[in-house]
1. Here are Asp110, Asp83, Asp142: which of them is under 26 Å from Gly291 (Cβ atoms) and surrounded by fewer than 19 Cβ atoms within 10 Å (Cβ to Cβ)?
2. Give me a count of the residues in region 274-303 that are surrounded by 21 or more Cβ atoms within 10 Å (Cβ to Cβ) and under 21 Å from Leu164 (Cα atoms).
3. Looking at region 231-285, which of its residues are farther than 23 Å from Leu109 by Cα, within 13 Å of the ligand (Cβ to nearest atom) and of a type in the set (D, E, K, R)?
4. Restricting attention to region 119-159, report how many residues are outside any helix (DSSP H, G or I) and outside the structural domain of Ser281 (by TED's automatic domain parsing).
5. Could you run through region 158-169 and say how many residues are surrounded by 24 or more Cβ atoms within 10 Å (Cβ to Cβ) and touching a Lys or Arg at 6+ places or on another chain (Cβ under 9 Å)?
6. So for region 273-282 (the condition being touching an Asp or Glu at 6+ places or on another chain (Cβ under 8 Å) and not in a loop (DSSP other than H, G, I, E, B)), does at least one residue qualify?
7. If a residue must be touching a residue at least 12 places away in the same chain (Cβ under 8 Å) and either assigned by TED's automatic domain parsing to the domain that holds Thr255 or in a loop (DSSP other than H, G, I, E, B) (or both), how many such residues does region 82-105 contain?
8. Suppose the filter is touching a Phe, Trp or Tyr at 6+ places or on another chain (Cβ under 9 Å) and either outside any loop (DSSP other than H, G, I, E, B) or outside the structural domain of Asp285 (by TED's automatic domain parsing) (or both); does Glu49 pass it?
Amino acid sequence: MSAEPAEATLETVGWVGNASDGFVQLIDQTRLPTEFTRIECHDVSSVWEAIRVLRVRGAPAIGIAAAYGAVLGGQRALNDGADMLAGLRAASAHLRTSRPTAVNLFWALDRIDRTAVDASGLAPGALLDRVLSEAHAIAREDRAMCRSIGRFGADLAPHGAGVLTHCNAGGLATADYGTALAVIFSAHEQGKAVHVYADETRPLLQGARLTAWELQRRGVPVTLICDNMAAQVMKEGKVQLVVVGADRIAANGDTANKIGTYGVALLARAHDIPFYVAAPSSTFDLSLADGSAVPIEQRDPREITAGFGRQTAPEGIEVYNPAFDVTPASLITAIITERGVIHPVNETAIRAKLGT
Ligand code: MRU
């Protein structure tokens, strides 16, 4: 087991060593909150597996992991004396099949692919160095975007607010600091007395295992609730705003995020509570007019029938297990990005803020 860092900052996913002999290192999020362990990935398939089984998860973090994972494909080609560009391309193509919904995965691999083509005239070792620099840039830029999201979002959290969040959009889901949790961390650091209600987030419990852990270690007051308690907590007047992350935002603002987010947005509307999405520009997919075409990942039924190793449903039961849902833009009060707050949420305002 690796030592948990004493400082607040988490290096969720990173690269250790040089391009020619280094490796990907990441926090194994399947072991939290009881064990803090970092694992090493020395080949493309172990990065693919880490993304697939959610050792690394959260839209920006899987993009960063995939970018570093592609470097491992190039490294293999370098050491085998094989074609570098082909090695990088094959790795990128394979990593694209790990999970379908978070657009950051495809966005990061597009950057890697473009970099490789642009630098294809270089000697193989220099080309690989260039691709690793691009992966580092993706991670570095994400860190900066998260801090900026925190600064813009903190203004929306009044002193003394109860804040409900769903799933984990924290440091573990990004290079560091998070998106939805950045808003909360930043408000807390400004001295605002925020109190978080964290949905546990069935079936994989990212809220209970990861969000509660992150908030607790940063000293932010947090109360864990089951997903089906959110309505009651709102009715009791404990929640003044909701803030969640995103996996893919269509051009009109429809937002795919962890299954259950849509229900939370409906509850917020029914209780007249503002519902905010916090996401970097890398999470927008302006090629989709609306959320109807977002690919929704379907996961293993055993996550529901035998989560964490104990059978809780009858043998042979039919199960439906979509990992994400789409919240219509009409339910979203504003989207908090690193470039500022988008309000109202519509295509014109989104394109104006993103400069496209
Ligand atoms: O299945 P997961 O754990 O990868 O789902 C993560 C989420 O839904 C997050 O809210 C989203 O990726 C935003 S992360 C900043």
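1. Matching residue, one of Asp110, Asp83, Asp142: Asp110.
2. 6
3. none
4. 5
5. In the first step, residues of region 158-169 are kept if they are surrounded by 24 or more Cβ atoms within 10 Å (Cβ to Cβ); the result is 163-169.
Add one more test, that the residue is touching a Lys or Arg at 6+ places or on another chain (Cβ under 9 Å), and what stays is 164, 166-169.
Result for region 158-169: 5.
6. yes
7. The number of residues fulfilling the criteria is 7.
8. When the stated conditions are applied, Glu49 does not pass them.
The values are calculated or read from the model by the stated rules, or taken from the named source; none is laboratory data. What you see is a predicted model, and the numbers here were worked out from it, not measured in a lab. Counting neighbours? That spans all protein chains shown, and the Cβs are built from the backbone with ideal geometry, glycine included.
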